[in-house]
There are 2 protein chains.
Amino acid sequence: MRLATVRRDGGTRAAVGDEAGWVVFDETDAQELFVSPGWRDRADAALRHPARVDLEPADFATPVPRPAKVFCCGLNYRDHIVETGRPVPEFPTLFAKFADTLTGPTDDIVVRDSDRVDWEAELAVVVGAEVYRADRDQAGAAILGYTVSNDISMRDWQQRTLQWLQGKAFDATTPVGPWIVTADEIDPRRGLRISCAVNHEEMQRGDTAELVFDAADLVAYVSQITVLRPGDIVLTGTPGGVALGMPEPRWLRDGDVVTTEIDGIGALRNTIRYDVGARADAV
Amino acid sequence: MRLATVRRDGGTRAAVGDEAGWVVFDETDAQELFVSPGWRDRADAALRHPARVDLEPADFATPVPRPAKVFCCGLNYRDHIVETGRPVPEFPTLFAKFADTLTGPTDDIVVRDSDRVDWEAELAVVVGAEVYRADRDQAGAAILGYTVSNDISMRDWQQRTLQWLQGKAFDATTPVGPWIVTADEIDPRRGLRISCAVNHEEMQRGDTAELVFDAADLVAYVSQITVLRPGDIVLTGTPGGVALGMPEPRWLRDGDVVTTEIDGIGALRNTIRYDVGARADAV
């Protein structure tokens, strides 16, 4: 099953879909739907009927618009780590984003005050049940599903200090979507191709089977620290091929189209827009 | 004026106070009060009457229980930076906490899975108005007031990876309170003594006039990245004297009482409790 938040009549609605199309619900977003009691029975029932709505890519918003917590994992693809000559890490490297950091799967990404903008295709895990101090099995059972994200990073800000947060948390710069595929239908451990292309030139290609810490590992690990609740999101890290790793980095430019895709889930397609308007005269 | 969230009748209420005592409001917490239109006129009017409620230290909860964003600044006290031989930083080092990380001004701090628990007395800034891409003056005008916090840190977790978040985000480990003193009554740039004592032995003593990036600087800087809204919190960093800096670190132990104080605001008094119960069998 696919779960989405779709733009309808000037607002948004939850939608449930399959290969045949979409059924729109009254809830204002997917998160509101999947926290409501009995939602899965309602969704299954809706998909047993043939009636479907056709939706365009631009109709989709980010599926979970208001996660309370967004955790991100750093270096996490085994093949990429080995390639860079580093040891495979014992613990996941974690940092945070905010709900405001997220944006929709086809939305323009407006860049301000940065000229070292980079891509990071990532598998995103959506939590579906409260989970705290869980083991791997409990953590796996709390995963609602998976979606696609791109941890667009302002490398100049990220490298100003030892802590990456400020280069990772610009408002509306991390596209997430286009929809969640529920965990009963897909297993990233079995290997899903993940890729990022800039203007149709493939820059990253990886396989989610190469994750050092997989979705259940990360949810279990984070849950030792803090409770995760339905709608919270964990970004699982990016494979090799980012601009930062190039001898002559090819930073993202105004007008570049970034396509981020995971087989079996879907694709994000976002255009980079540089805001060259006056900068507030701060700091 | 002081703004607090106080425990009453099994729930919480907003309270407004001065040197003479407290007036309890119907709102369930200070945040709900200070986002309501005309709240300051209502609060001023209440304080013009002599009627006051006496409250005990244990009556106070953390004043803002549900900030959407909690930003923290790393190394930020000039005298401490100079003492350690490092250059004064050009940019603030930022990391995040979550609403769940916060706890009350007299609550026990329950430690799990760490044996390197450290203190960090910090001035906390509470945002009172929406602020985005602000200059210093705009940022200063958006500050509601100041409170006391202690960025209790699990150094073992913090140092597992390059990113500090996991050692800084354990649920209910960062006490904040006991109340907010509004910005019209106090100016940390003029110098407020900040201190941390463990079992009455003073471990940290600093002066908020030594902040490299002061409250308005930090709010302005963060606002270049992301919008801040009423109730969001910025922790401004800690002066010298933490256990991590000692040749033989004196980590916090079960039963230690940590007193964190800022002159002109108030004091936190929290007891460390080690939870030696079974750990979930995870990762």
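Length gained on full extension, A:R250 to A:R66: 63.0 nm, using 0.36 nm per residue less the C-alpha separation. With no solvent and one equal point scatterer per Cα, compute the Debye intensity ratio I(q)/I(0) for segment A:2-61 at 0.13 Å⁻¹ and report its log10, rounded to two decimals. Log10 of I(q)/I(0), two decimals: -0.28.
Other residues whose C-beta falls under 14 angstrom from the C-beta of B:D59 contribute a net charge of +1, scoring Lys and Arg +1 and Asp and Glu -1.
Report, as an integer, the average count of C-beta atoms from other chains found within 10 Å of each Cβ along B:47-60. Before the final figure, lay out each step's value.
Details: counts 0, 0, 0, 0, 0, 0, 0, 0, 0, 0, 0, 0, 0, 0.
Per residue, the average neighbour count from other chains is 0.
So in the protein assembly as shown, what percent of DSSP beta bridges are antiparallel if you round to the nearest 5? The answer is about 85 percent antiparallel.
Rounded to the nearest whole Hz, the Karplus-based 3J(HN,Hα) values (6.51 cos²θ - 1.76 cosθ + 1.60, θ = phi - 60°) of segment A:145-152 follow the sequence x, 10, 9, 9, 8, 9, 7, 3, with x at glycine and proline. Mean separation of Cα pairs under 8 Å and 6 or more residues apart, divided by the residue count, gives chain B a relative contact order of 24 percent. Counted by neighbouring Cβ atoms within 10 Å, the residues A:V242, A:V53 run from fewest to most as A:V53, A:V242. When you filter the GluC sites (Glu not before Pro) in segment A:7-106 for DSSP loop state and at most 13 other Cβ atoms inside 10 Å of their Cβ, you are left with A:E19, A:E90.
Taking Lys and Arg as +1 and Asp and Glu as -1, the other residues whose beta-carbon sits under 13 Å from that of B:E90 total 0.
Residue by residue through B:69-75, how many Cβ atoms from other chains fall within 10 Å of the Cβ on average?
On the way: counts 5, 1, 4, 2, 2, 3, 2.
For peptide B:69-75, the averaged partner shielding equals 3.
With angles folded into 0 to 90 degrees, how steeply does helix A:215-225 sit against the dominant principal axis of chain A? Use alpha carbons for both and round to 10. Rounded to the nearest ten degrees, it is 80. Summed over qualifying helices (DSSP H, 4 residues or more, each -39500 (n - 2.57)) and divided by its residue number, chain B shows a 222 nm mean residue ellipticity of -4000 deg cm²/dmol. Please compute the contact order of segment A:2-61 in relative form: average sequence separation of alpha-carbon pairs under 8 Å and at least six residues apart, divided by the residue count, as a percent. Once divided by the residue count of segment A:2-61, the mean separation gives 36 percent. In order along segment A:111-127, phi translates into HN-Hα couplings of 9, 10, 6, 9, 10, 9, 9, 10, 9, 8, 5, 9, 6, 10, 9, 10, 7 Hz, rounded to whole numbers, per the Karplus curve 6.51 cos²θ - 1.76 cosθ + 1.60 with θ = phi - 60° and x for Gly and Pro.
R0 = 22 Å: FRET efficiency of B:D9 with B:E56, Cβ-based, nearest 0.05? Intermediate results must be reported in sequence, preceding the final value.
Values: r = 15 Å, r/R0 = 0.67.
So, using R0 = 22 Å, E works out to roughly 0.90.
So how tilted is helix B:39-48 from the main axis of chain B? Cα-based, degrees 0 to 90, rounded to 10. Roughly 70 degrees between the two axes. For the options A:G231, A:G17, A:G38, a Gaussian network treatment of chain A with springs between C-alpha atoms closer than 10 Å singles out A:G38 as fluctuating the most. With each label modelled as a point 7 angstrom along the Cα→C-beta vector, the B:A20-B:A45 pair spans 1.7 nm.
Throughout, read-outs are computed from the coordinates displayed, never taken from laboratory work. Small disclaimer: the values here were computed from a predicted structure and weren't measured. Cβ: placed from backbone, ideal geometry, glycine included. Neighbour counts: every protein chain shown.
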